[in-house]
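**Student:** Please see the structure below; I have some questions.
The values are calculated or read from the model by the stated rules, or taken from the named source; none is laboratory data. Since the model is a prediction, treat every value here as computed from it, not as a measurement. Methodologically, a virtual Cβ is constructed for each residue, glycine included, from the backbone with ideal geometry; neighbour enumeration extends over all protein chains shown. All accessible areas refer to the heavy atoms of the entire protein, side chains included, with ligands and DNA or RNA removed. Shrake-Rupley method; radii C 1.70, N 1.55, O 1.52, S 1.80 Å.
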Amino acid sequence: MAKMTISLPDHLAEYVENRVASGRYSSADAFLAELILKDQLHHKLDDEELRNILRQAEESGPSERRIPDILSETKAKLRDNHL
């Protein structure tokens with residue numbers, strides 16, 4: 001097993017300490033390991049989702065929509081979602 005030393009701002013170190021004190025984690029190492037595993041899973045899902053989107057786009061063939069129309073629709077969706 002590899003050993004790492006990290007530095008955290010005080011407020012984050014306190015947060016980690018509180019999570020361990022809650023009893024859910026046996027140590028700061030266990031808490032951080034779970035965060036890393038969740039991050040790995042999150043990125044794996046993102047990659048798979050992106051591959052599916054690209055595959056579907058490629059299979060759908062050329063679009064009949066014009067680029068300005070696509071941009072307008074995208075901007076409207078972003079506005080609607082407050083992004």
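**Student:** Does residue 11 fit the bill of being part of a loop (DSSP other than H, G, I, E, B) and either modelled with pLDDT of 95 or more or open to solvent by 100 Å² or more (accessible area, probe 1.4 Å) (or both)?
**Tutor:** Values: part of a loop (DSSP other than H, G, I, E, B): no; either modelled with pLDDT of 95 or more or open to solvent by 100 Å² or more (accessible area, probe 1.4 Å) (or both): yes.
Judged against the criteria, residue 11 is not a match.
**Student:** Could I ask something else about it? List the number of the failed condition for residue 1; all other conditions in (1) hydrophobic (A, V, I, L, M, F, W, C); (2) part of a helix (DSSP H, G or I); (3) modelled with pLDDT under 90 hold.
**Tutor:** (2)
**Student:** Can you confirm whether the range 63-71 contains a residue that is among the β-branched types (Val, Ile, Thr) and exposed (fewer than 10 other Cβ atoms within 10 Å of the Cβ)?
**Tutor:** Going residue by residue through the range 63-71, those that are among the β-branched types (Val, Ile, Thr) are 67, 70.
Subset that is exposed (fewer than 10 other Cβ atoms within 10 Å of the Cβ): 67.
Scanning the range 63-71, I find at least one residue that is among the β-branched types (Val, Ile, Thr) and exposed (fewer than 10 other Cβ atoms within 10 Å of the Cβ), so the answer is yes.
**Student:** Sort out which residues of the range 31-46 are open to solvent by less than 80 Å² (accessible area, probe 1.4 Å) and modelled with pLDDT under 85, and write them in order of number.
**Tutor:** Once the filter is applied, which keeps residues that are open to solvent by less than 80 Å² (accessible area, probe 1.4 Å) and modelled with pLDDT under 85, the range 31-46 yields only 46.
**Student:** Inspect the range 15-32 for any residue being part of a helix (DSSP H, G or I) and within 17 Å of the chain's Cα centre (by Cα) and give the result as yes or no. Explain how you work it out, then say what you get.
**Tutor:** Kept after step one, since they are part of a helix (DSSP H, G or I), are these residues of the range 15-32: 15-21, 28-32.
Checking which are within 17 Å of the chain's Cα centre (by Cα) leaves us with 32.
Looking through the range 15-32, at least one residue is part of a helix (DSSP H, G or I) and within 17 Å of the chain's Cα centre (by Cα).
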